[in-house]
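Inspection log for the structure reproduced underneath, given as structure tokens.
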Amino acid sequence: MSALLEKTSNKLVKAFLKNKIISPIPSKYTKKLNEAQKLRRLCESKIKLPVIGFKAAGTGIPLIKKFKEKEPFYATVYKKNFLKSGKSVKINKATLGIELEVCYKVKKSYFSSKGSITMKNISKYISHMAPCIEVVGYRQRKKGITSFGDLCSDFGANVKFLIGPVKKYKKINISNLKTNISNKKVNQSVDGNTNTVYINPINSLRFVLNKVKKDKINLNKDFWVFTGSSVGVVPIKGKGLYTGKIDKLGSVKAKIS
């Protein structure tokens, strides 16, 4: 393993654990997704904190086309970044924005499943669903997104996840639900739709589950999968309460401070 890769991963891990911001990492780890994946995996292998699940990232089809990628990617989500609706999240200059997504709780029986997860068999592995707000940002002093590697190399750019009311899973037309995220205090409101998430959130979930299986990861417990934003990355225009609403699923809140 190269000394630079080792050094870069140590810096990122320290920044992640201590909520610090470091100078930008070398671009060789951010330009190509496969290099970013290597760095992300190495960083995650060094973190000995409880894992709550995984997030899909880069799920917007226009974004996939823009960056000439074939598919999204995933990253690990840790318990320390998992909050209840209405909790406070402190942002900084490296915060990219706020997202609204559908998340699913997956049964641990998935880990002993044989073969691929398909749209036909996926339902038997899902126990619950909920609306979720994700605050995204870097652990580095940089702005914007120039490639999927930017996001992937930095833990999928996940900062905090806030989860709304959890409901028992039932089949609904998840591919066409209206969504909205707003902050009345700063007069900001953005509409979205679940159909912007890699065809739909269930397809995004299928993608993550098959990747986790391919990477031979076994948490041996129920876990969450966050399927990607239905409103894109919404810039945070001001502090205060952001409320996300997803038709048929409910609402979720985040206090931005």
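Descriptive notes on the structure:
- Where helices (runs of 4 or more DSSP H) sit wholly within the range 1-116, those with at least 3 residues that are more than 23 Å from residue 134 (Cβ to Cβ) occupy 3-18, 33-45.
- Residue in the range 51-58 that is more than 28 Å from residue 107 (Cα to Cα) and of a type outside the set (S, T, N, Q) present: no
- Checking 49, 100 one by one, the residue that is within 25 Å of residue 215 (Cβ to Cβ), of a type in the set (A, V, I, L, M) and at pLDDT 95 or above is 49 and no other.
- No other residue among 2, 88, 27, 45 is surrounded by fewer than 22 Cβ atoms within 10 Å (Cβ to Cβ) and within 30 Å of residue 180 (Cβ to Cβ) apart from 88.
- Matching residues in the range 176-221 - criterion: being in contact (Cβ under 8 Å) with a residue 40 or more places away in the chain, in a helix (DSSP H, G or I) and closer than 28 Å to residue 241 by Cβ: 184, 185, 186, 194, 196, 201, 204
- Residue in the range 98-109 that is over 24 Å from residue 123 (Cα atoms) and either without any contact (Cβ under 8 Å) to a residue 40 or more places away in the chain or surrounded by 22 or more Cβ atoms within 10 Å (Cβ to Cβ) (or both) present: yes
- Qualifying positions in the range 196-205 - buried (at least 17 other Cβ atoms within 10 Å of the Cβ) and either touching an Asp or Glu at 6+ places or on another chain (Cβ under 8 Å) or more than 12 Å from residue 54 (Cα to Cα) (or both): 196, 197, 198, 200, 201, 202, 203
- Which numbered condition residue 137 misses (of (1) modelled with pLDDT of 95 or more; (2) under 25 Å from residue 175 (Cβ atoms); (3) not charged (D, E, K, R)): (2)
The values are calculated or read from the model by the stated rules, or taken from the named source; none is laboratory data. Bear in mind the structure is a predicted one, so any value in this text is a computation, not a measurement. Reconstructed Cβ throughout: ideal geometry from the backbone, glycine too, with neighbour counts over all protein chains shown.
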